[in-house]
Amino acid sequence: MVQSEVKFISGNEACAEGAFYAQARFYAGYPITPSSEIAQIASERLPTLGGCYVQMEDEIASIAAIIGASCCGVKSFTATSGPGFSLMQENLGVAIMGEVPCVIINVQRSGPSTGLATSPAQADIMQCRWGTHGDHAIIALTPSSVQECYELTIRAFNLSEKYRSPVVILSDKTVAQMREKVILFTPGEVELLERKKPTGSPGEYLSFRPDDDGIPPMASFGDPHLLRITSSTHNEQGFTDDDPSNAFTLIRRLYDKIEDNADDITQIKTYFMEDAETTFITFGITARAALNAVHKLREEGNKVGLINLLTMWPFPACKIKEAVANCRSLLVPEMNLGQLVREVERACCAKEVHSYTKSNGKNIFPGEIIQAWRDSL
Amino acid sequence: MIVAVTDYLRQDKLPHLWCGGCSHGVVVGAVARVLAGLGIPVDKTVITTGIGCFGKADDYFATHALHGTHGRALAFASGVKAVSDDLTVLALMGDGDAATIGGNHLIHAARRNMDITAIVSNNNNYGMTGGQYSATTPSGKKTSTSRYGNPETDFDLCSLVVGAGGGFVARTTPFHVRAMEKLIAEAISYRGFSFVEVVSCCPTYYGRYNREGGAVAMVASIKERAMSKEKFNLLPLEAKPGYFPMGKLHLEEKIDFNTRYREVQQKAQDSHRES
C-alpha cells in the first residue's frame with residue numbers, strides 16, 4: 001500500500017498540490033501577492049506532469065486562457081488576489097454563461113483597490129458572489145487551514161467538473177502563507193470527477209442541452225461533437241437567442257443548477273454544538289481564532305460552539321439553521337465591515353445575531369472574539 | 001475526404017446579419033474557402049471571437065467556436081492553443097476588438113508567438129454600437145463620437161504587430177479577394193503567430209459620416225489606395241499619406257510558443273528525474 005505523504009507546507013503550496021492531485025494540467029496567471037507562490041509552483045511542476053504554465057499579460061487574459069484550455073478538456077486553474085480578482089470578474093461571467101469548468105483561487109488581501117499591500121482581509125465575500133454582472137450563481141469554498149486548502153482545492157475541481165461551473169477558492173493571506181502539517185492523499189484515495197461527455201452522435205449534439213439534472217454534457221474542442229461556447233444569452237445550440245422565455249429558462253437553469261444542489265455542494269464543520277447556547281459562525285483564518293476562543297470559554301464552563309463554513313456560496317443556510325436550532329444567539333466575527341453577518345441574519349432571522357468586524361489589515365485574535373462574546377451578553 | 005466550402009459554413013444561419021456593402025461577409029467567405037482548400041477538418045478548427053459586428057463571425061462557421069468578451073478573443077485562443085497543438089486556431093476580430101480594447105492581448109499574443117492566426121476586419125469604427133471612433137479611425141475623420149473630427153492618431157496595425165514580434169504580417173482588402181485567400185492560407189500554414197489585416201469598409205456609419213459615397217465607392221477608394229510594399233516604399237514621403245502597402249509585409253521564421261514549451265517540459269522532466 002502506498003503510504004500517505006506528510007508535508008509541512010503553506011496554504012498556497014497546498015492549493016497547488018490539490019490542483020495537481022485533481023489532475024489540473026493548465027495554469028494561466030499574472031503574479032500578485034499573496035498568491036504568487038501558486039504560480040511559481042505551477043510553473044515548476046506542471047511541465048514535469050506534461051502540463052503547461054503560461055504567464056499572461058493580465059488577469060483578464062489569465063482567466064480567458066484557462067477557459068480556452070478547459071474547453072479542450074484540460075482541467076485548468078488560476079490564482080490571484082483582490083486587484084486581480086477584480087479584473088477577472090468580466091470573464092468569470094463567461095465561465096458562468098458558457099458553463100466552462102475552471103478553478104480560480106482568490107487569496108484575499110486588504111482593499112479597496114491596492115489597499116494595505118499586502119495585509120490580511122476577508123472582504124471579498126460579496127465581490128465573489130456578485131462581482132460579475134447579471135443574475136448568476138457561483139460556488140465558493142473557504143479553507144481555514146493548510147489541510148483544507150489541499151482538500152478544498154481537489155473538491156473545487158470536482159464540483160467544477162460536476163456542475164460545469166467555475167469554482168472560486170476564497171483563501172486569505174494568513175491561511176495562504178502560514179505553514180502547517182498536511183497529509184497528502186495517495187493516488188486513488190479521493191474520487192476525481194470528470195465532466196459529462198456527450199454520448200449521442202456528433203450530429204445530434206447541442207452544447208447547451210441539459211440532461212434532467214440541468215447540466216449539459218460538454219464536448220471538447222477537437223472532438224467530433226462540435227462545441228460552441230458563448231458569452232451571449234443563447235439557445236441550446238449555443239446561438240444568440242433573445243426570446244424572453246429562452247432567456248428566462250437559461251438564466252433560471254444556470255442559477256438553479258447551483259442553488260438547487262446546495263445540499264450537495266455546501267459543507268460546514270461544527271464544534272461543541274451539542275449544548276451550545278451561543279454559536280460563533282465564521283470562516284477562513286478567523287475560524288481558527290474562533291476555535292481557540294471556544295476552547296478558552298469552554299474551559300470556563302461557557303456553552304459556546306463554532307460553525308466553520310467551508311462553503312461560502314451557495315450559502316449553506318439550511319445546514320447552519322439546522323446546526324443552530326437550539327442556540328439562543330449567534331456571533332459572527334469576520335475581517336470586513338460585516339458581509340457574512342447579513343447572510344447569517346437572513347438565514348437565521350429568528351435568532352439574536354451579533355457582529356464583530358475588523359477591517360484594518362490585522363487578523364482577529366481569540367481575545368477579541370471572547371470580548372465580543374462578553375459584550376453581547 | 002473531399003471537403004467543400006459549404007462544410008465550413010452554417011447554411012441555416014445565412015444570409016448573415018451584416019449591412020449591405022459591409023466587408024465582413026467577404027472575409028468570412030474567404031476564411032471558409034481557405035479552410036476547405038487546406039482541407040483542415042471542421043472538428044480540428046477552433047474559431048474565437050470577441051464582441052462587435054465582426055465578433056458575430058463565429059455564428060457562420062460549422063467548427064468549434066468560443067464567442068467571448070470584447071477584446072479577449074486572442075486571450076481565449078492562447079489557452080486553447082497552449083493545450084491543443086493539433087488544432088487550427090483562428091481569432092476573428094474587428095478593429096475595436098483587436099486593437100482598441102484588446103490591444104494589450106494583441107501585442108502579447110504576437111510577442112508570445114502562439115501559433116494562432118489573427119484576422120482583423122478593420123473598418124475604422126465601432127459598427128455594432130453606432131459608429132464611434134476606434135484606435136484605427138484616422139485622425140480628423142468623423143464618427144458618432146468625433147463629429148468635429150477625430151483628435152486622436154490611429155494605429156498602423158501591421159506595423160504594431162511587426163513591432164510586437166509577429167512573424168507573419170499581411171494586409172489585404174475586400175476588393176482583392178483572391179489575394180486575401182492566398183494570404184489567409186499562408187497565415188494559417190505559418191507556424192507561429194500570424195496576422196492578416198483586411199482594410200474593410202463600413203458604409204453604414206464611417207462611410208456616411210465621412211461622405212464616402214456608399215459601399216462601391218468605398219471599395220473603389222480602398223483599391224486605389226492599396227499598393228504593393230515595393231511600390232509604396234518608392235513613394236515620396238509627402239505622397240505616402242492616403243496610400244497603404246498591401247500583401248505580405250513581414251515574414252520571419254520564429255520558434256512558436258508550443259515548440260519552445262516542449263523544450264521547457266523536457267528540461268523540467270529531466271531535472272525532475274535527477275532530483
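Which of the following residues is part of a helix (DSSP H, G or I), touching a Lys or Arg at 6+ places or on another chain (Cβ under 9 Å) and surrounded by fewer than 24 Cβ atoms within 10 Å (Cβ to Cβ): A:E322, A:E345? Talk me through it step by step, then tell me what you get.
Details: A:E322 fails: touching a Lys or Arg at 6+ places or on another chain (Cβ under 9 Å).
Selected residue: A:E345, the only one of A:E322, A:E345 that is part of a helix (DSSP H, G or I), touching a Lys or Arg at 6+ places or on another chain (Cβ under 9 Å) and surrounded by fewer than 24 Cβ atoms within 10 Å (Cβ to Cβ).
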> Is there a residue in the range A:193-210 that is surrounded by 21 or more Cβ atoms within 10 Å (Cβ to Cβ) and assigned to a strand (DSSP E or B)?
Replying inline: no
>> Just checking, does the range A:84-96 include any residue being small (G, A, S), surrounded by 20 or more Cβ atoms within 10 Å (Cβ to Cβ), assigned by TED's automatic domain parsing to the domain that holds A:N235 and under 30 Å from A:V6 (Cβ atoms)?
In response: no
> Which residues, taken from the range B:197-206, are under 22 Å from B:M180 (Cα atoms) and either surrounded by 23 or more Cβ atoms within 10 Å (Cβ to Cβ) or under 19 Å from the mean Cα position of the chain (by Cα) (or both)?
Replying inline: B:E197, B:V198, B:V199, B:S200, B:C201, B:C202
> Can you pull out the residues in the range A:198-210 that are within 14 Å of chain B (Cβ to nearest Cβ) and not hydrophobic (A, V, I, L, M, F, W, C)?
Replying inline: A:P198, A:S201, A:P202, A:G203, A:Y205, A:S207
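What number of residues in the range B:137-157 are of a type outside the set (G, A, S) and either assigned to a strand (DSSP E or B) or crowded, with 23+ Cβ neighbours inside 10 Å (or both)?
Here is the first cut: in the range B:137-157, the residues of a type outside the set (G, A, S) are B:137-138, B:141-143, B:145, B:147-148, B:150-157.
Applying the additional criterion that residues be either assigned to a strand (DSSP E or B) or crowded, with 23+ Cβ neighbours inside 10 Å (or both) yields B:137, B:143, B:157.
Qualifying residue count, the range B:137-157: 3.
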> Which one is nearest to A:I138 (Cα to Cα) among residues in the range A:211-257 that are within 12 Å of another protein chain (Cβ to nearest Cβ) and among the hydroxyl-bearing types (S, T, Y)?
Replying inline: A:S231
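Here's a check for you: in the range B:209-237, which residue that is of a type in the set (V, I, T) and surrounded by 13 or more Cβ atoms within 10 Å (Cβ to Cβ) is farthest from B:K141 (Cα to Cα)? Let's see the steps before the verdict.
Looking only at the range B:209-237, we keep the residues that are of a type in the set (V, I, T), and these are B:216, B:219, B:222.
Then drop every residue that is not surrounded by 13 or more Cβ atoms within 10 Å (Cβ to Cβ), which leaves B:219, B:222.
On the way: B:V219: 17, B:I222: 16 Å.
Step by step, filter the range B:209-237, then rank; the result is B:V219.
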>> Quick check on my filter: what residues within the range A:19-65 are outside any helix (DSSP H, G or I), farther than 26 Å from A:G98 by Cβ and either of a type in the set (S, T, N, Q) or not assigned by TED's automatic domain parsing to the domain that holds A:T186 (or both)?
In response: A:T33
>> Take A:I104 and tell me if it is modelled with pLDDT of 95 or more, crowded, with 24+ Cβ neighbours inside 10 Å, under 28 Å from A:D223 (Cα atoms) and facing another protein chain (nearest Cβ under 9 Å).
In response: no
> With A:A64, A:A117 as the choices, which residue is at pLDDT 95 or above and among the aliphatic types (A, V, I, L, M)?
Replying inline: A:A64
> Pick from A:I9, A:I32, A:I38: which is of a type in the set (V, I, T) and more than 20 Å from the chain's Cα centre (by Cα)?
Replying inline: A:I9
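From the list A:I229, A:I281, exactly one residue is assigned to a strand (DSSP E or B), of a type outside the set (S, T, Y) and under 30 Å from B:L17 (Cα atoms). Which is it?
Matching residue, one of A:I229, A:I281: A:I229.
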> Are there any strands (runs of 3 or more DSSP E) wholly within the range B:36-130 with 3 or more residues that are in contact (Cβ under 8 Å) with a residue 60 or more places away in the chain, over 19 Å from A:E57 (Cα atoms) and more than 8 Å from chain A (Cβ to nearest Cβ), and if so which?
Replying inline: B:88-94, B:117-122
> Taking the range A:25-56 as the search range and keeping residues that are in contact with a Phe, Trp or Tyr (Cβ under 9 Å, 6 or more places away or on another chain) and surrounded by fewer than 19 Cβ atoms within 10 Å (Cβ to Cβ), which one is farthest from B:S271 (Cα to Cα)?
Replying inline: A:Q55
>> I'd like the full set of residues that are at pLDDT 95 or above and exposed (fewer than 15 other Cβ atoms within 10 Å of the Cβ), limited to the range A:348-361.
In response: A:E352, A:N360
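Identify the residue in the range B:254-274 that is facing chain A (nearest Cβ under 10 Å) and among the polar types (S, T, N, Q) and, among all such residues, is nearest to B:M114 (Cα to Cα). Before the answer, list the steps.
Of the range B:254-274, the ones facing chain A (nearest Cβ under 10 Å) are B:257-258, B:261-273.
Going one step further and asking which of them are among the polar types (S, T, N, Q), we end up with B:258, B:265-266, B:269, B:271.
On the way: B:N258: 7, B:Q265: 17, B:Q266: 19, B:Q269: 23, B:S271: 26 Å.
Only one residue tops the list, namely B:N258.
Matching residues to (1) closer than 27 Å to A:S76 by Cβ; (2) hydrophobic (A, V, I, L, M, F, W, C):
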| residue | (1), (2) |
| --- | --- |
| B:A65 | yes, yes |
| B:S78 | yes, no |
| B:L92 | yes, yes |
| B:H105 | yes, no |
| B:A109 | yes, yes |
| B:K142 | no, no |
| B:S146 | no, no |
| B:V162 | no, yes |
>> Just to be sure before I move on: is B:G20 part of a loop (DSSP other than H, G, I, E, B), touching a residue at least 60 places away in the same chain (Cβ under 8 Å) and crowded, with 24+ Cβ neighbours inside 10 Å in the structure I sent?
In response: no
> Out of (1) within 27 Å of A:Y255 (Cα to Cα); (2) part of a helix (DSSP H, G or I), what's the single condition that is false for A:M312?
Replying inline: (2)
> Which one of these does B:Y205 not meet: (1) closer than 30 Å to B:G131 by Cβ; (2) out of contact with any helix residue (DSSP H, G or I) (no Cβ under 9 Å at 6 or more places or on another chain); (3) without any contact (Cβ under 8 Å) to a residue 12 or more places away in the chain?
Replying inline: (3)
>> Of the conditions (1) among the polar types (S, T, N, Q); (2) over 23 Å from the mean Cα position of the chain (by Cα); (3) buried (at least 18 other Cβ atoms within 10 Å of the Cβ), A:N336 satisfies every one except a single condition; which number is it?
In response: (2)
> What number of residues within the range A:66-94 satisfy the criterion of being more than 17 Å from the chain's Cα centre (by Cα), more than 7 Å from chain B (Cβ to nearest Cβ) and not in a helix (DSSP H, G or I)?
Replying inline: 1
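The values are calculated or read from the model by the stated rules, or taken from the named source; none is laboratory data. For clarity, every value in this text was computed on a predicted model and none was experimentally measured. For neighbour counting, all protein chains shown are included, and Cβ atoms are generated from backbone atoms with ideal geometry for every residue, glycine included.
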